[in-house]
Amino acid sequence: MSPKRRKPNDEFKDIHSVYAKIIELLLVVQPSLAQAANKNTNEVVRTLHEIAKLAETFTTLRVSEHDDSVAALLDRLDTEGVGLWNSATYLKSSNGPPTSTFAAARYAGFRLIEAGLNDNPSEKVLVDVLELSSKVGMAFIDTDAAMADKVLTDAAKYQLALSRIPAEQTERAQARARAVVLYWTARMEAEWKQGNLDMALHMMRQIEDKQIEMMDPQNVEPVVGRIVDTAKSIAKGRNSDKDERDVVDRALKALEWMTRAFSIVDRHQKTSKLSSSLRRMILRNMARSYYTSSIRVLENLDKAEEALNELARVLNEAEDTAKGEEYQQLRWMSLAIYKKRNNTSAEKYLSVWLPLIDNATLTEDLVQDILLELRALSKSQYVALLHCRGMKPMLSHSFVVVTRALEHLISRALQENEFHQFVDNVLVSLILHVKASPSHEDAMTSLTKALDLISTSEDYRLERIPSTACLTIIWQIGDNCYTQKQWRDAADWFTLGTNAAFEAVADIAQSKCRRKAALCHIQNKDYAKAGVLIGQCSVNEAASCYLGFVVAAHQAAHHVDMMMKANDFDRRMLLMATNFARETQNHPLLQPVLAGLLDTLKEDKEVDIHAQGLLVIRCLARLVLQMTEEPGANLKKLIPMALQHFRTGNALVLDAIQKKKGAIVMRDLSWLWRVAYNSAVNGLNVWEDGDVTEMFLIARDVGGPPRLIPSPYGSQLMAASFKASDLKPEPDLYEHWIMASFAAISGQAFKARSQQDEEDNQQKARLYNIAIDIDNLFELARDMRSKENNDQAMAHIVTVLHLSLVYQVEILSSIQEWDHLSRSIEAVRAMIPISTSTYEAIADILWSEKSCPVTVLFDCLEAILRATTQQGMLSIRKFSKWLRAICSILLSRGQFEDRSKALVYMNQAIDVLKIHGSNATGDLDTEYPEDERHWLISTAFNTGVQVTSGLQIAEARQWFEVATILCQFIRDSPRERIEETYHGLLSQYNDAG
């Protein structure tokens, strides 16, 4: 704020008194100016403003008084004004904006010079005064906006007067241009400081190019600098608003200012050399604004790149040496543009990344910034491009860029000791990056190269903790590959752990890495590589010795296979190998030897494959089943192998029976199905459900009777065997066959339940096949009952039949085979009494199935109620629910026969109520529900009324009698109303009759 001005008083009524006061104040203030340097001394400032005010008064009085003695005063004031102006120069702050003392001194000096002007100033004088007034206005911009506006408004008259004088190409032309440009620059900055952006832009546009061209470079640079500062302020904004639209708007507005500043510099560059740093600053800010505004104006991204290219050219031409940081800024800005464009080539990226890393002074913050940028680049642009037809995958350009940059960063960090602390962090980033590479070979090449750089460094060693961290990540990646059965890739990852870069943990990690890699090679059946790795491990490690044994066993099996392919192969060699493997109890070797022996028997037409082949198959099956019981056995590999052996035996038995050799294979047949059955039973708690089901299916198909109903499951083995007169079932076979069939059906049913939500066009066919298998089980049970007539054996399988019937109802209702469902229930009911709990489960299934026909549901409910009278009472609560459902169905039909049947059920409900109408024990399950009682009485009464309206008096009397009897089982029953209605209706119809 400006100091408080004194009001003019009567002592300054003439020009001489004003002059005297000015001289007096000058004598007071001049000694104080030297002490007021860089200080805002309030007394000095007040005095200077008073001098300026007196000088204005002097100027006003001079116009009104025409005294020849005033001429001498003018010269003195002009001289004092120049002196005061020059004294103010020493008050200017070297850093920061001008102080209020400096501004006041210049203001007072300017007013004194103005007071000393002649009445008709020349062009030169106008130029000087305009320049001085503009400088005063600039001095006040940061300290007193009101004073700045006042001074610049007063300066407008000098600019106007100057504009009326024709400009000539003389020595004064340059000074005139400088003064005018300075004036408009001051007006521009003052308006911007007051928030008048549009007015400030108007003032900037008043600066003419021809005036700029006449100015010296040292005078042009401050003008351009103020325009650029204004543009930067516009782009930055006056608040912390980070809204994207606001940021883009500010960038677009700043661009107009930046463009004007650059056009001034570019135009002036043709005639004289401006500061290179000014040109670089403009280009940097232009590029920044173009980049920010490219969100809305897409072509501005190209303009931003053009600005950076120009900046690079100017930097290359610059003679100053301290421009390394500017190059780094240029590279960061180029990366931002490339990242936003999304189609930059890898070569272009690397042309920026590699020099940026080479010229960087690595710090923790800078390294983190580089890693974050590389991670973002990898995530935003990583797309693995694959050749068609299964060819080798190609790496995306961004993946190559990130990989090369990380490798280069490791190399840079190894060059100087103070950068060594960043090596481990960058190495971890490289590992995490290349694990997603579509090309495993390129990933291994990159990591090996980086690790070799570390291991060959003369003054750097990876410490124990970062080594452990890197190895942990490598092992996790290797384990994931192993889980996905990518054996070769997993082996390569584990082998990386043996690199010399991890020598800090070599004592505990290298052998472990080699063992893990060897195990992967074993899975990949590359036993030679596995053997090499195990050979590099210590012989004092038990785990390494065990893996060596496994490799040796697999290599032995491999040599067996090679032996069989030799031209001079003899089956006796396999027999000797079999004896050797059996004597040494080498199960991993014995299994492939026996498998090879079986293959040779199949190829030899002179050998009885049925007798000898089944013998070998029995050995193989027994061996594999024994191996499944060993600790740590690989069940996922062994169980499918065992299943395949049983299937092969099944095929041989079927072939033997078809060729009339059934008697030869009977012992093998019996052994196969019994072992399969017992294995499935033993595997219930250990094997996968699908494997158990498959083994029960094999036991059923190998040992079971022929398929009485066609089914795609299993073979037709026993169909042929039962035709032979010499093949008779053993006494307990039927029961085992039924149990095997039931176990297989249970497994299939559970699997079908888990897949019921899946969209599968073949799901209905699979469910129907299970239903056919259940029908076969029923037929097998009926056959067993007719042939064996063994009530004790049938008692054992009653529960199986009940559960199978529930499975059948569930499956057939889901595929809506209602006729088939009804036939199945009748077939089982004709064979054995169906328990109440089974009927109840069936009813629950049918009740929940909305599409179930009423007839099917009704038959089931009737069967439930019949079962309650024949086999004992079920839950009273459920009995009441089923009875209500049956009666509702019967009454909805509206026929006399159906109502008569419903009346029977109503009387049955009364009989139950007589026993369970009052609950002394408090058990809710044994008391007839209250709501069901109310339903019974209301239904009986309403039906009686309905029948009465049809003049069926005898039937109506029965319904009213039921309602009357039910009243005694209901608290607060409407007995009187029922009896009154009953007697009223009867009397009415009797009178009518």
Query - Positions within the range 331-351 being free of Cβ contacts under 8 Å to residues at least 24 places away in the same chain and either in a loop (DSSP other than H, G, I, E, B) or surrounded by 16 or more Cβ atoms within 10 Å (Cβ to Cβ) (or both), in sequence order - result: Y338, N343
Query raised in the report: Just one of the numbered conditions (1) of a type in the set (A, V, I, L, M, F, W, C); (2) over 22 Å from E221 (Cβ atoms); (3) open to solvent by less than 10 Å² (accessible area, probe 1.4 Å) is not true of A179; which one?
Result: (2)
Report summary line: Those residues of the range 886-896 that are surrounded by fewer than 17 Cβ atoms within 10 Å (Cβ to Cβ), within 13 Å of F858 (Cβ to Cβ) and either within 57 Å of the chain's Cα centre (by Cα) or of a type outside the set (K, R) (or both) come to a total of 2
Query raised in the report: R250 passes all but one of (1) over 28 Å from R296 (Cα atoms); (2) within 56 Å of the chain's Cα centre (by Cα); which number fails?
Result: (1)
Report task. Could you please give the count of residues in the range 296-351 that are polar (S, T, N, Q), at pLDDT 85 or above and more than 25 Å from I410 (Cα to Cα)? Result -> 2
Query raised in the report: Restricting the search to the range 930-954, which residues are at pLDDT 80 or above and either surrounded by 15 or more Cβ atoms within 10 Å (Cβ to Cβ) or not assigned by the TED database to the domain that holds L890 (or both)?
Result: E932, R933, W935, L936, I937, T939, A940, F941, T943, G944, Q946
**Report entry** Number of the condition not met by G703 [criteria: (1) under 21 Å from V800 (Cα atoms); (2) at pLDDT 75 or above]
**Finding:** (2)
Report summary line: Reported set for the range 148-176 where residues are open to solvent by less than 40 Å² (accessible area, probe 1.4 Å) and either under 60 Å from the mean Cα position of the chain (by Cα) or under 21 Å from A231 (Cα atoms) (or both) is A148
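Residue by residue, here is whether (1) open to solvent by 80 Å² or more (accessible area, probe 1.4 Å); (2) at pLDDT below 70; (3) within 27 Å of T855 (Cα to Cα) holds:
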site: N761; (1), (2), (3): yes, yes, no
site: A765; (1), (2), (3): no, no, yes
site: E788; (1), (2), (3): no, yes, no
site: V798; (1), (2), (3): no, no, yes
site: V806; (1), (2), (3): no, no, yes
site: L812; (1), (2), (3): no, no, yes
Query - Residue in the range 352-362 that is aliphatic (A, V, I, L, M), over 16 Å from R412 (Cα atoms), open to solvent by less than 30 Å² (accessible area, probe 1.4 Å) and modelled with pLDDT of 85 or more present - result: no
Report summary line: Only one of T926, T981, T921 is more than 28 Å from I876 (Cβ to Cβ) and modelled with pLDDT under 80, namely T981
**Report entry** Per-region count, the range 411-430, residues closer than 22 Å to F494 by Cβ and surrounded by fewer than 24 Cβ atoms within 10 Å (Cβ to Cβ)
**Finding:** 3
Requested in this report: Considering each of A500, A518, A528, A504 in turn, give the residue that is surrounded by fewer than 17 Cβ atoms within 10 Å (Cβ to Cβ), farther than 26 Å from L453 by Cβ and among the aliphatic types (A, V, I, L, M).
Outcome: A528
Report task. Report, by residue number, each residue of the range 436-482 that is open to solvent by less than 70 Å² (accessible area, probe 1.4 Å), in a loop (DSSP other than H, G, I, E, B) and either over 15 Å from F399 (Cβ atoms) or among the basic types (K, R) (or both). Result -> S457, Y460, L462
Query raised in the report: Restricting to the range 1-26, what's the tally of residues that are over 14 Å from G109 (Cα atoms) and at pLDDT 60 or above?
Result: 10
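Conditions (1) over 24 Å from S411 (Cα atoms); (2) modelled with pLDDT under 85; (3) not charged (D, E, K, R), marked per residue:
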residue: T456; (1), (2), (3): no, no, yes
residue: P466; (1), (2), (3): no, no, yes
residue: D489; (1), (2), (3): yes, no, no
residue: F502; (1), (2), (3): no, no, yes
residue: V505; (1), (2), (3): no, no, yes
residue: I534; (1), (2), (3): yes, yes, yes
residue: C537; (1), (2), (3): yes, yes, yes
residue: N540; (1), (2), (3): yes, yes, yes
Query raised in the report: If we scan the range 821-840, do we find a residue that is open to solvent by 40 Å² or more (accessible area, probe 1.4 Å), out of contact with any Gly (no Cβ under 6 Å at 6 or more places or on another chain), at pLDDT 80 or above and closer than 13 Å to D859 by Cα?
Result: yes
Requested in this report: List every residue pair whose Cβ atoms lie under 8 Å apart, where the two residues are 6 or more positions apart in sequence or sit on different chains, the first residue falls within the range 887-899 and is without any contact (Cβ under 8 Å) to a residue 12 or more places away in the chain, and the second residue, located anywhere, is part of a helix (DSSP H, G or I) and open to solvent by 30 Å² or more (accessible area, probe 1.4 Å).
Outcome: D898/L891
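Conditions (1) touching a Gly at 6+ places or on another chain (Cβ under 9 Å); (2) over 23 Å from D526 (Cβ atoms), marked per residue:
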{"residue": "R461", "(1), (2)": "no, yes"}
{"residue": "I465", "(1), (2)": "no, yes"}
{"residue": "C470", "(1), (2)": "yes, yes"}
{"residue": "W475", "(1), (2)": "yes, no"}
{"residue": "N480", "(1), (2)": "no, no"}
{"residue": "K485", "(1), (2)": "no, no"}
{"residue": "R488", "(1), (2)": "no, no"}
{"residue": "D492", "(1), (2)": "yes, no"}
Query - Unmet requirement for F750, which otherwise passes all of (1) at pLDDT below 70; (2) touching an Asp or Glu at 6+ places or on another chain (Cβ under 7 Å); (3) open to solvent by 60 Å² or more (accessible area, probe 1.4 Å) - result: (1)
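The values are calculated or read from the model by the stated rules, or taken from the named source; none is laboratory data. Note that the coordinates shown come from a computational prediction; the quantities given were computed from them, not determined experimentally. Cβ coordinates were reconstructed from backbone atoms using ideal geometry, including for glycine residues, and neighbour counts include every protein chain displayed. Side chains included, ligands, DNA and RNA excluded: accessible areas come from the protein's heavy atoms. Shrake-Rupley method; radii C 1.70, N 1.55, O 1.52, S 1.80 Å.
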